[in-house]
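> Mind looking over this structure? Questions follow.
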Amino acid sequence: MSYMPFSDNIAMPVCLITVKSDSIINSMTVAWSTPLSSNPPLWGFAIRKQRFTYEILMKSKEFTVTFLPYEQAELAVKLGRISGREGDKLKICEVKLKDAEFISTPYIEEGYYSMECSLEDSFTTGDHEFIVGEILYVHKNNESLANSQPAIYLGKDTFSTVDKTRIKKFEARTILEEMRKKFSRGGQSDK
């Protein structure tokens, strides 16, 4: 079986995972992330154990997640392609940090939405560790970013966004009623 880089074919929202331990604050870009539960509210992401962010996260047991607008896609490259072991990349990139409400780890102001999370669980899956965090608080960041279009990662350091002129909303109730009518007729159409 040959390896195919599957993730280069999947559009994924870009977020920054920020961690803090003592005086060290570090952030890294993540595209492999997902909501996991509404009750309790859980968020998860994949990370390699070799990452500096992982090391700090395992000490602090907390993190923030910040979603970037398309206009900030270059920041995703900067924070995702160099390790915090080399120096304070948040300072070099002039990132604005804001204090969190319930944890000691700050969140990044340049995003349109941020979450404060405590570490709930972690487990190994393939060549990554999957981190599960309980969402303790959410921030709608800077009002000027409220209508921003999200940065979407396409693979190979390529980003896009949502074309809001091509958004389609479906009336699910009507569609499901039609399907149920067909079920009751044994899959036959009205004709």
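The values are calculated or read from the model by the stated rules, or taken from the named source; none is laboratory data. The structure presented is a predicted model; accordingly, all values stated were derived computationally and were not measured. Every residue, glycine as well, gets a Cβ built from its backbone with ideal geometry; the counts of neighbours run over all protein chains shown. Note: areas computed on protein heavy atoms with side chains; ligands, DNA, RNA excluded. Shrake-Rupley method; radii C 1.70, N 1.55, O 1.52, S 1.80 Å.
> Among the candidates Glu110, Glu94, Glu116, which residue alone is outside any helix (DSSP H, G or I), open to solvent by less than 20 Å² (accessible area, probe 1.4 Å), out of contact with any Gly (no Cβ under 8 Å at 6 or more places or on another chain) and not β-branched (Val, Ile, Thr)? So that I can check it myself, show each step before the final result.
On the way: Glu110 fails: open to solvent by less than 20 Å² (accessible area, probe 1.4 Å); Glu94 fails: open to solvent by less than 20 Å² (accessible area, probe 1.4 Å).
After applying the criteria, what remains is Glu116.
> Going by what's in this entry, would Ser148 be described as within 16 Å of the chain's Cα centre (by Cα), in a loop (DSSP other than H, G, I, E, B) and hydroxyl-bearing (Ser, Thr, Tyr)?
Spelling it out, Ser148 is indeed within 16 Å of the chain's Cα centre (by Cα), in a loop (DSSP other than H, G, I, E, B) and hydroxyl-bearing (Ser, Thr, Tyr).
> Related question: Is it the case that segment 8-29 has a residue that's assigned to a loop (DSSP other than H, G, I, E, B) and buried (at least 23 other Cβ atoms within 10 Å of the Cβ)?
Checked segment 8-29: at least one residue is assigned to a loop (DSSP other than H, G, I, E, B) and buried (at least 23 other Cβ atoms within 10 Å of the Cβ).
> Which one is most open to solvent (accessible area, probe 1.4 Å) among residues in segment 167-188 that are within 30 Å of Pro150 (Cβ to Cβ) and part of a loop (DSSP other than H, G, I, E, B)? Outline the logic, then answer.
As a first pass, look at segment 167-188 and keep what is within 30 Å of Pro150 (Cβ to Cβ): 167-176.
Retained after the next criterion (residues that are part of a loop (DSSP other than H, G, I, E, B)): 167-171.
Working: Ile167: 110, Lys168: 152, Lys169: 170, Phe170: 121, Glu171: 122 Å².
Ranking the candidates gives Lys169 first.
> Please pick out the residue among Thr34, Thr105, Thr53, Thr29 that is in contact with an Asp or Glu (Cβ under 8 Å, 6 or more places away or on another chain), within 21 Å of Glu129 (Cβ to Cβ) and either β-branched (Val, Ile, Thr) or touching a residue at least 12 places away in the same chain (Cβ under 8 Å) (or both).
Thr105
> Look at segment 8-30 and say how many of its residues are closer than 14 Å to Leu75 by Cβ and at pLDDT below 90.
Residues meeting the conditions: 0.
> Continuing with the same structure: Mind checking which pairs have a first residue in segment 150-168 that is touching a residue at least 24 places away in the same chain (Cβ under 8 Å) and farther than 15 Å from Trp32 by Cβ and a second that is open to solvent by 60 Å² or more (accessible area, probe 1.4 Å) and of a type in the set (A, V, I, L, M, F, W, C), Cβ under 9 Å, 6 or more apart or different chains?
Qualifying pairs under 9 Å: Ser160/Ala11; Ser160/Leu154.
> So, one more: Here are the criteria: (1) open to solvent by less than 50 Å² (accessible area, probe 1.4 Å); (2) more than 19 Å from Phe123 (Cβ to Cβ); (3) of a type in the set (Gly, Ala, Ser). Tell me which single one Ser38 does not satisfy.
Only one criterion is unmet by Ser38, namely (1).
> Taking segment 97-107 as the search range and keeping residues that are farther than 12 Å from Asn26 by Cα and touching a helix residue (DSSP H, G or I) at 6+ places or on another chain (Cβ under 9 Å), which one is surrounded by the fewest Cβ atoms within 10 Å (Cβ to Cβ)?
Ser104
> To continue, here is another question. Name the residues in segment 119-155 that are acidic (Asp, Glu) and at pLDDT below 90, would you? Give the steps one after another, and end with the answer.
Taking segment 119-155 first, the residues acidic (Asp, Glu) are 120-121, 127, 129, 134, 143.
Of everything in segment 119-155, just one residue is acidic (Asp, Glu) and at pLDDT below 90, namely Glu143.
> Of all residues in segment 58-91 being within 24 Å of Asn147 (Cα to Cα) and among the polar types (S, T, N, Q), which is surrounded by the fewest Cβ atoms within 10 Å (Cβ to Cβ)? Please lay out each step first, then the result.
Initial filter on segment 58-91 (within 24 Å of Asn147 (Cα to Cα)): 64-79.
Still in the running and among the polar types (S, T, N, Q): 64, 66, 72.
Details: Thr64: 28, Thr66: 27, Gln72: 23.
So, considering only residues that are within 24 Å of Asn147 (Cα to Cα) and among the polar types (S, T, N, Q), the one surrounded by the fewest Cβ atoms within 10 Å (Cβ to Cβ) is Gln72.
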